[in-house]
Amino acid sequence: MRLLTFDHIRELMRQYGLQAFLKALTERLASDLSRWDEFNKSERHATHYEHGVLELMPCSDLTHYSFKYVNGHPGNVVKGLPSILSVGVLVEVDTGMPVLFTEMGILTALRTAAVTALGARYLARSNSSRVGIIGCGAQSEFQLLALDNELSVQQVRYVDIDQNSMTKFSKNLAAQGWSMYQAQSINDILIDVDVLVTATAARKKVILFQADQIPSGTHIHALGGDCPGKTELPPDLIEKATLVVEYLPQTRHEGEIQNLKAELKSIELHQLVKAERQGRTSEDEITLLDAVGFALEDFSALMLLNELAEAYDIGESIRMLATPPDPKDLYGFLVN
């Protein structure tokens, strides 16, 4: 089994290129979504606590099975820990043997950004170049880099309640050559935007802005609301927008739509990829991808990571499982 630690993944990104990986992951995700019916799918298994959530996210096709363990603890930051920590496993279906065990904190951020880029492909106006982002935490830079692969970003407006996060965000993206504007308020973000990303971390129901503040033609990618009791948008905005979700059974109780009294008509992202449904149909409509994170996205990321790790010969081969010469003699394998 191949083991990939954070150091291995960082080395792979240095050799392959971070933005190139984001582009490859976006295409891999599109390819996997195009064969949606081949996957065994389920909602994530979540155990909620007052201070956070612990989750298992499984997905499989006929050749591989994957799962991710991930947490969500917004209070970790004040303890010097990331709010999201995760590990992933990739398994061969025909034998049940794990082939990859890997750190997935970075991979989760990358696949989250790939979903944003893929959504913008179908839902943003074709000439979109102005991006606004509310929340400059650990996900933020990846969001912009992935969107740039789709939209050719020119202008970025950003805001966060934490000045240090905004300073970090601006510094990390300074080399991109975009026009960067630190907004004084959310209202300043909404003045001049084609694509709006909402990525706050507070584990509660908030309303970041009002529906009538969103300019016509805006595409909104809402990723901050990703568990029961955690949302960012006003319900009347959701009701007026063209609504896209990843996997409706999961989004129904984790996404922005959990606040709606009645169920709205929605499109699942795979339907756009397969051209079964149309995303944006006019320049003036407001579109919304209510993204909560789905296990198939982790499957795509693990498959791509495993292929590239083999190609670049990165990682460690570890003997972690008991595989005795005589499969029936586990006792002798242990004591002799």
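Please treat every number below as a calculation from the coordinates, not as lab data. All of these numbers come straight from a predicted model, not from anything done at the bench. Positions of Cβ are generated from backbone atoms using ideal geometry, with glycine treated the same way; all protein chains shown enter the neighbour counts.
Key figures for this structure:
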{"read-out": "Between helix 105-123 and the chain: long-axis angle, C-alpha atoms, 0 to 90°, nearest 10", "value": "50"}
{"read-out": "Alpha-carbon centroid distance for the pair segment 243-270 / segment 134-186, whole angstrom", "value": "27"}
{"read-out": "Sites ASP284 and GLN210 - FRET efficiency at Förster radius 25 Å, r taken between beta-carbons, to 0.05", "value": "0.85"}
{"read-out": "Full-stretch length increase - ASN336, GLU239 - with 0.36 nm per residue and alpha-carbon distance subtracted", "value": "28.2 nm"}
{"read-out": "Amide H contacts under 5 Å for GLY132, placed H, 5+ residues apart", "value": "ARG157, ASP194, VAL195, LEU196, VAL197"}
{"read-out": "Candidates LEU123, LEU223, LEU264: whichever shows maximal mean-square fluctuation once the chain is modelled as a Gaussian network with Cα springs under 10 Å", "value": "LEU264"}
{"read-out": "Value of relative contact order over the chain, rounded to a whole percent, pairs C-alpha under 8 Å and six or more apart", "value": "20"}
{"read-out": "Options MET1, SER152, THR281, ranked by Cα towards positive dipole end of the chain, top entry (Cβ charges)", "value": "SER152"}
{"read-out": "Acute angle (nearest 10 degrees) that the helix 6-16 long axis makes with the longest principal axis of the chain, alpha-carbon atoms", "value": "70"}
{"read-out": "Radius 12 Å from Cβ of CYS136, net charge of other residues (Lys, Arg +1; Asp, Glu -1)", "value": "0"}
{"read-out": "Residue exposure sequence - CYS136, CYS227, CYS59 - by fewest surrounding Cβ within 10 Å", "value": "CYS227, CYS59, CYS136"}
{"read-out": "Where Rh is the Kirkwood radius over Cα pairs, Rg/Rh for the chain", "value": "0.99"}
{"read-out": "Ranked packing of 284-293, 46-55, 96-105, most packed first, by mean Cβ within 10 Å", "value": "284-293, 96-105, 46-55"}
{"read-out": "Taking segment 235-292 and dividing mean pair separation by its residue count, relative contact order in percent (alpha carbons under 8 Å, at least six apart)", "value": "52"}
{"read-out": "Shape of segment 84-125, Cα gyration tensor, a/c cut at 1.5", "value": "oblate"}
{"read-out": "Contact order relative to length of segment 188-311, as percent, for alpha carbon pairs under 8 angstrom and 6 or more apart", "value": "28"}
{"read-out": "Farthest toward positive dipole pole in the chain [+1 Lys/Arg, -1 Asp/Glu at C-beta], among THR112, PHE294, ASN164", "value": "ASN164"}
{"read-out": "At R0 = 41 Å, FRET efficiency that the Cβ-Cβ distance of ASP61 and SER152 yields, to 0.05", "value": "0.75"}
{"read-out": "In degrees, nearest ten, helix 140-151 long axis to first principal axis of the chain (Cα)", "value": "80"}
{"read-out": "Estimated 222 nm signal from helices in the chain, with DSSP H stretches of n ≥ 4 weighted -39500 (n - 2.57), rounded to 500", "value": "-10000 deg cm²/dmol"}
{"read-out": "Out-of-range pairs (alpha-carbon distance over 31 Å; input LYS205/LYS274; LYS168/LYS205; LYS79/LYS171)", "value": "LYS205/LYS274"}
